[in-house]
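Okay, structure first, notes after.
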Amino acid sequence: MLAELFDNMMHSTPQGFVGVSLIFIYFVFIVSAAFYRIKKGEHLDHH
């Protein structure tokens with residue numbers, strides 16, 4: 001799935017390349033924030 005996304009990104013316009021890059025960065029941020037909150041929640045449960 002990611003390989004196809006990157007392949008399409010390489011054939012797209014500069015605007016499309018930037019858009020896909022920003023979406024990917026946003027996705028990584030959301031997943032990181034979710035893991036952080038889960039880890040923080042587990043820490044609070046151990047009190």
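The values are calculated or read from the model by the stated rules, or taken from the named source; none is laboratory data. Nothing here was measured: the structure is a model prediction, and the numbers come from that model. We place every Cβ from the backbone using ideal geometry, glycine too, and count neighbours over all the protein chains shown. Side chains are part of the model used for accessible areas, which takes the heavy atoms of the whole protein and leaves out ligands, DNA and RNA. Shrake-Rupley method; radii C 1.70, N 1.55, O 1.52, S 1.80 Å.
Descriptive notes on the structure:
- Per-pair calculated FRET efficiency, R0 = 35 Å: K40 and S12 via Cβ, rounded to 0.05: 0.40
- The chain: angle of helix 14-45 to the longest principal axis, Cα-based, in degrees nearest 10: 10
- Relative to its Kirkwood radius, the Cα radius of gyration of the chain gives an Rg/Rh of 1.29.
- Carbon and sulfur %, accessible surface of the range 1-43 computed with the full protein complex present, 1.4 Å: 74
- Taking each DSSP H run with n ≥ 4 as -39500 (n - 2.57) and averaging over every residue of the chain yields -30000 deg cm²/dmol at 222 nm.
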